[in-house]
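Here the structure comes first, spelled out in structure tokens, and everything after it is commentary.
The values are calculated or read from the model by the stated rules, or taken from the named source; none is laboratory data. Nothing here was measured: the structure is a model prediction, and the numbers come from that model. A quick note on method: Cβ atoms are made from the backbone with ideal geometry, for glycine too, and the neighbour counts reach across all protein chains shown.
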Amino acid sequence: MTSIPTQASVRTAVDQWISSTWDPNMGLLAWREEFVSSGWAVPSWPEQWHGRGLPAWADAVVADALRAAGAVGQPLGGGMSLAAPTLLEHGSDALRTRLLRPTLTGELTWCQLFSEPGAGSDLASLTTTAVRDGDEWIVNGQKVWNTSAHHADLGMLVARTSWDVPKHQGISYFVLPMHQPGVDVRPIRQMNQHSSFNEVFMTNARIPADHLVGQLNDGWRIARTTLSHERGFATMRRPQFGKSGSPIGRTLAEAEAEAHEHFQTYVWYPQRAGRADLVMSRAQTVGAHVDPLVRQEIARLHSFVKANEWTAARARAARALGRPPGPEGSLGKLAASEVARRAAAVHALISGASAMLCDGPDVLDAVIAEVLVSTPAQSIAGGTDEIQRSIISEKILGLPRDPVTDTDRAFRDVVQGYS
């Protein structure tokens, strides 16, 4: 009879493996090859797909052991957080065999190709097309708000493969090779002067026939898996590599370079979240902390932030028990938007008109100005607040759906002017 693993036994086992294997000078790719081969890179995954078949809590145990040892963990980015879990659940064995391991080692990078200029919150209205042509799919259309598309190897693409059924039923999910003549990636300049997103134009781009994920026209269900991971409670934290006082070897240096490149895209994300952590120090710096109104608003903001943190902790506990991401992710996403708005309003109250200055006398002036022009994005990215409220009302509160008129007709009859 096989004994049931405990967190203590798993921690002991992974500590022993790290102690005997970790070498800060072996090179990042060589280390990750060892990491993946051991099964410790994704311990909760099935053994067939590079895991150890352990409970979901083992992922956090291994991550903590790696941090304690100063070792490097999984690659950063959408490959591990979005693409890999989606392929694990829905991909064919051929796709899993071909793509999972190089994603786990960081050799393949990914981007998400979902939203379109006319299909953002109503993603199912997308009109990018994929047409079968022998052993390939030919793709034409445009995607937008695509983080990291400028350097990704592969894209998670949803495209329309049937116009003769209701809109949700005519979508398929593909893996798109990004480095080909038919894919044109163009950066988008934001009002905060960053260019974190791109628009992607596909003109007769080609996808191998076996790069279809799941069944034909079942892409909406698969896309929801990806979105459920995107709306999770994970925070954008830069990992710390190595131990204090220890020399930086080749593996750590390459991991630092990888992290630097990855987080260049997200340097403004703390400002997008509202920087509630700066409210108290900012109020003290400008002398606003003695204002009763300011103090009241700071207390209200702090209370809301703490409540949101506890909600997030409950969601993490549910994931540790093995439950898949669910509608509670929408609660966290909606709360994060509200935190950002409230924090921006408190910063404006504290700083007054000087909150608009990008080059004021205080070093934080530019940060506060960036907060004010960045926080609107928090309510849009990963699904708008309106979408999150609909999910919460239907999936958590059990309220009836809003009336719709376009889900029981062929999509070509809904889209005006399509030929």
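Only one of the listed residues (A130, A119) is without any contact (Cβ under 8 Å) to a residue 12 or more places away in the chain and farther than 18 Å from L82 by Cβ. That residue is A119. For the range 67-79, the set of residues classified as outside any loop (DSSP other than H, G, I, E, B) and crowded, with 20+ Cβ neighbours inside 10 Å consists of G78, G79, listed by residue number.
Which residues, counting only those in the range 369-406, are on the phi > 0 side of the Ramachandran plot and either modelled with pLDDT under 85 or crowded, with 17+ Cβ neighbours inside 10 Å (or both)? Within the range 369-406, G382, G383 meet the criteria. Among the residues examined, L28 qualifies as buried (at least 17 other Cβ atoms within 10 Å of the Cβ) and modelled with pLDDT of 95 or more.
With respect to S196, is the statement that it is surrounded by 18 or more Cβ atoms within 10 Å (Cβ to Cβ), among the small types (G, A, S) and closer than 28 Å to R342 by Cβ true? Against the criterion (surrounded by 18 or more Cβ atoms within 10 Å (Cβ to Cβ), among the small types (G, A, S) and closer than 28 Å to R342 by Cβ), S196 qualifies.
Condition check ((1) crowded, with 17+ Cβ neighbours inside 10 Å; (2) of a type in the set (G, A, S); (3) assigned by TED's automatic domain parsing to the domain that holds G219; (4) at pLDDT below 95) across all residues:
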residue	(1), (2), (3), (4)
E47	no, no, no, no
A60	no, yes, no, yes
L87	yes, no, no, no
L95	yes, no, no, no
R101	yes, no, no, no
F114	yes, no, yes, no
S121	no, yes, yes, yes
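Per the listing A366, A343, A348, A355, the residue uniquely of a type outside the set (V, I, T), surrounded by 19 or more Cβ atoms within 10 Å (Cβ to Cβ) and assigned to a helix (DSSP H, G or I) is A343. Residues in the range 6-24 that are touching a residue at least 40 places away in the same chain (Cβ under 8 Å) and under 30 Å from the mean Cα position of the chain (by Cα): Q7, V10, R11, V14, D15, I18, W22, D23, P24.
Does R67 satisfy the condition of being out of contact with any helix residue (DSSP H, G or I) (no Cβ under 7 Å at 6 or more places or on another chain), of a type outside the set (F, W, Y) and closer than 25 Å to R238 by Cβ? In short, yes.
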